[in-house]
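The values are calculated or read from the model by the stated rules, or taken from the named source; none is laboratory data. Just so it is clear, the structure is predicted and the values come from calculations on it, not from any experiment. Please note: Cβ atoms are built from the backbone with ideal geometry, for glycine as well, and neighbour counts cover all protein chains shown. Ligands, DNA and RNA are excluded from the accessible area calculation, which covers all protein heavy atoms including side chains. Shrake-Rupley method; radii C 1.70, N 1.55, O 1.52, S 1.80 Å.
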Amino acid sequence: MSEEGMQLLLKVRLADQAERYDDMVKFINDLVENHSGNFIDPSLLHHISVAYKNAVGERRASWRSVNEWERSGAKEEAAVMHDYQNTIATELLDICTQMLDLINKHLLPKTKDHPNEILLLKLKGDYFRYKAEVQTEEAKQDSLENADATYTEAMRRVIGVLRPCHPVRLELALNYSVLKFEMHEQEEACRIAKLAFEDAMDTVHKVDGEDYVNSTSTMQILRDNLVQWTLLPDRK
């Protein structure tokens, strides 16, 4: 990596420490697009995931909050709330588009190992799903279909690459099942979640440290979702 690239990497770490995630995204984009060469250091993927997750997470939380307020607010306030919600949605969509471009144009072509390819495909599906949360009609449907196709490909590739109890494999199954539930495919959502949970139960005792904490936490969410979803009427 060039000296300028090393300086950008330091800025990425400083922005992370300072919790300035928009700055972190900006530094990462410059680093990956202009100074990463033909290879992506796997450790950089962690910084990318953290930066974008927090940058988009702030907007997702803000959008949901304003959406709830708009539903319960006075009619004369609705236009102002709607405009502000659209402002947040525009920021969210821009961040998601940046992440998807980064994955498609730089990260996937430069990633050399299969586990990180799975991680990137999971992230790609995630950011299509985040776009769909704030979109309507055809744009929303396109994003849902892209998320579905990407998660499907990741689920196909993950077999034989990551153990069923691996945190990334479990998070992939969790997010894919949530997508299916959001697409009103309740039976398929339950099938994906149940299979992931049961497969992981057989091997999770072999995991330790932070991976064990992450895996068991995701398994608990899978189990909670299954309980909740099976109590609901079929959404078809």
ask   = Would you call Arg60 within 13 Å of the chain's Cα centre (by Cα) and assigned to a helix (DSSP H, G or I)?
value = yes
remark   = Of the residues in the range 22-46 that are assigned to a helix (DSSP H, G or I) and open to solvent by less than 30 Å² (accessible area, probe 1.4 Å), the one that is modelled with the lowest pLDDT is Leu44
key: helices (runs of 4 or more DSSP H) completely within the range 125-231 that count 2 or more residues being open to solvent by less than 20 Å² (accessible area, probe 1.4 Å), within 22 Å of Val56 (Cα to Cα) and in contact with a Ser or Thr (Cβ under 8 Å, 6 or more places away or on another chain)   = 167-182
task = Could you tell me whether any residue of the range 18-34 is over 18 Å from the mean Cα position of the chain (by Cα), touching a residue at least 60 places away in the same chain (Cβ under 8 Å) and more than 19 Å from Phe128 (Cα to Cα)?
result = yes
request  = Read through the list (1) over 30 Å from Glu153 (Cβ atoms); (2) in a helix (DSSP H, G or I), then give the number of the only condition that Glu19 fails.
outcome  = (2)
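Yes or no, residue by residue, for (1) among the hydrophobic types (A, V, I, L, M, F, W, C); (2) touching a helix residue (DSSP H, G or I) at 6+ places or on another chain (Cβ under 7 Å); (3) more than 23 Å from Tyr151 (Cβ to Cβ):
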{"site": "Gly37", "(1), (2), (3)": "no, no, yes"}
{"site": "Pro42", "(1), (2), (3)": "no, yes, no"}
{"site": "Ser62", "(1), (2), (3)": "no, yes, yes"}
{"site": "Ser65", "(1), (2), (3)": "no, no, yes"}
{"site": "Glu76", "(1), (2), (3)": "no, no, yes"}
{"site": "Ile88", "(1), (2), (3)": "yes, yes, yes"}
{"site": "Lys124", "(1), (2), (3)": "no, yes, no"}
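The rows are residues; the columns are (1) touching a strand residue (DSSP E or B) at 6+ places or on another chain (Cβ under 8 Å); (2) in contact (Cβ under 8 Å) with a residue 12 or more places away in the chain; (3) closer than 29 Å to Asp22 by Cα.
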position: Leu102; (1), (2), (3): no, yes, yes
position: Ile118; (1), (2), (3): no, yes, yes
position: Leu123; (1), (2), (3): no, yes, yes
position: Arg129; (1), (2), (3): no, yes, yes
position: Asp142; (1), (2), (3): no, no, yes
position: His166; (1), (2), (3): no, yes, no
position: Leu174; (1), (2), (3): no, yes, yes
position: Phe181; (1), (2), (3): no, yes, no
position: Gln186; (1), (2), (3): no, yes, no
request  = Could you please give the count of residues in the range 92-116 that are charged (D, E, K, R) and surrounded by 18 or more Cβ atoms within 10 Å (Cβ to Cβ)?
outcome  = 0
query = Quick one: is Val80 more than 12 Å from Tyr127 (Cα to Cα), hydrophobic (A, V, I, L, M, F, W, C) and open to solvent by 50 Å² or more (accessible area, probe 1.4 Å)?
reply = yes
request  = Six or more apart or on different chains, Cβ under 8 Å: which pairs go from a residue in the range 1-16 that's farther than 14 Å from Asn34 by Cβ to one that's small (Gly, Ala, Ser) and part of a helix (DSSP H, G or I)? Could you list them?
outcome  = Ala15/Ala51; Asp16/Ala51
